[in-house]
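Enquirer: Structure incoming, see below.
The values are calculated or read from the model by the stated rules, or taken from the named source; none is laboratory data. Predicted model, so just to flag it, every value in this text is computed and none were measured. As a convention, Cβ positions derive from the backbone with ideal geometry for all residues, glycine included, and neighbour counts pool all protein chains shown. Calculation scope for accessible area: heavy atoms of the full protein, side chains included, ligands and nucleic acids excluded. Shrake-Rupley method; radii C 1.70, N 1.55, O 1.52, S 1.80 Å.
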Amino acid sequence: MTSSTPPPRPVAPSLAPVGRLGFRGRQATPEERAHILGAYFFEGQRRTPYLQQFFVLMLLSAAIAAFGLANDSAAVVIGAMLVAPLMTPILGVAAAITQGWGRRALDSLLIVAAGALAAIAVGLAVGLLMPSLRTGLPRPGELLARTGPNFVDLFIALAAGAAAGFVAVRTEASGALPGVGIAVALVPPLAADGITLGLGELGLALGALLLFTTNLVAIVLAAGLVLAAAGFAAFRGEAENRNASIAKWLVWIGLLVVAIPLAFHSWERYLESTLKVEVTRDARTWAPELSVRGVEIDRSTDPMTVRVSVVGPEAPPDPGAFAALVAEDLDRPVRVEVAYAPLVISEAPAP
């Protein structure tokens, strides 16, 4: 009596992983291994439908992110992160590197680059067309949040990349992948880069591009390390080992390259936060009856400009005394601007 179970489907040799893969305490079958990798590489007849879907979602997510950034809406920006399809080709880069597949790594990286350019183009169009961005008012907070990366963003991206690599191997945990997409920003920095380019803010545009590059390199590195630890690593064949070694070194070099400007941005943020603390303390010493609602530091002017917003029941005293106090505390000449808003308090008895 013969079994009615159909024979296992043959695995495409081109997707057969190199090396040993530990899989839930046992060796994974070739079908299981190819199934995991097949989720990140679309070849043959699968390629055209995948690319069409990828670019449609890429353009839509970039548009959602750009309008959300322009309107300072965090909820809309989060929605753009959920729609964004960039995580798949980025994980494809990580998987190809661990396997030593140079052509597939380059192919996935080109898809990421094309998607990134498309998102920047959408952001550029929004930056040129949205009149609300050209009113002279301060830039939206959601937009500015994507233009000043620091080491915290790097650590977030490393953790998210490790989580993405774990989900890639443990497919039953795939429900966590949208959370990974929200935790690490991919499309919003690209949309912010396009918007700020359209506004002529080159410094902000470079900061947004740095944030995306940081996230890309960190995800590839962390996901690749997790995949290698799970057994997706080149052990067989001199060509695979050489390709994997070169690619891994390139990723580490890329991480070092982005770490240098991140260190600069982190130091700049530290200096600015330190100055704000000192200015706030001086403001409370100068006018203890007033409440400080905001402090801005502009070190690009000569002398440095300090803008302070205060509220209270009475007008503030002479701001010259405050300026002298700040200049003495910071040991540098300063220009102080004080914005005062009256605080009106009224009481009514219960009916």
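Enquirer: May I ask you to verify whether Leu37 is aliphatic (A, V, I, L, M) and either open to solvent by less than 30 Å² (accessible area, probe 1.4 Å) or at pLDDT below 90 (or both)?
Expert: For Leu37, the condition - aliphatic (A, V, I, L, M) and either open to solvent by less than 30 Å² (accessible area, probe 1.4 Å) or at pLDDT below 90 (or both) - is met.
Enquirer: Of the residues Val334, Val310, Val338, only one is under 14 Å from Arg281 (Cβ atoms), of a type outside the set (Gly, Ala, Ser) and open to solvent by less than 60 Å² (accessible area, probe 1.4 Å); which?
Expert: It is Val310.
Enquirer: Of the residues Gln45, Gln53, which single one is more than 16 Å from the chain's Cα centre (by Cα), without any contact (Cβ under 8 Å) to a residue 12 or more places away in the chain and not in a loop (DSSP other than H, G, I, E, B)?
Expert: Just a single option satisfies the conditions, and that option is Gln45.
Enquirer: Another question, if that's okay. Assess whether Leu51 counts as being out of contact with any Phe, Trp or Tyr (no Cβ under 8 Å at 6 or more places or on another chain) and not acidic (Asp, Glu).
Expert: Spelling it out, it is not the case that Leu51 is out of contact with any Phe, Trp or Tyr (no Cβ under 8 Å at 6 or more places or on another chain) and not acidic (Asp, Glu).
Enquirer: When you check Val344 against the structure, is it farther than 30 Å from Ile97 by Cβ and in a helix (DSSP H, G or I), yes or no?
Expert: Here the answer is no, as Val344 does not meet what is asked.
Enquirer: With the requirement that a residue be modelled with pLDDT of 85 or more and β-branched (Val, Ile, Thr), what does region 293-351 give you?
Expert: Those that are modelled with pLDDT of 85 or more and β-branched (Val, Ile, Thr): Val295, Thr305, Val306, Val308, Val310, Val311, Val326, Val334, Val336, Val338.
Enquirer: Turning to a different aspect of this structure: Do any helices (runs of 4 or more DSSP H) entirely within region 68-162 hold 1 or more residues that are more than 19 Å from Leu211 (Cβ to Cβ), among the basic types (Lys, Arg) and at pLDDT 85 or above, and if so, which?
Expert: Helices (runs of 4 or more DSSP H) meeting the threshold: 102-129.
Enquirer: Could you tell me whether Val180 is modelled with pLDDT under 80, open to solvent by less than 40 Å² (accessible area, probe 1.4 Å), out of contact with any Gly (no Cβ under 6 Å at 6 or more places or on another chain) and closer than 21 Å to Gly148 by Cβ?
Expert: Taking the combined requirement at face value, the residue does not satisfy it.
Enquirer: If a residue must be within 16 Å of the chain's Cα centre (by Cα) and farther than 13 Å from Thr214 by Cα, how many such residues does region 254-270 contain?
Expert: 1
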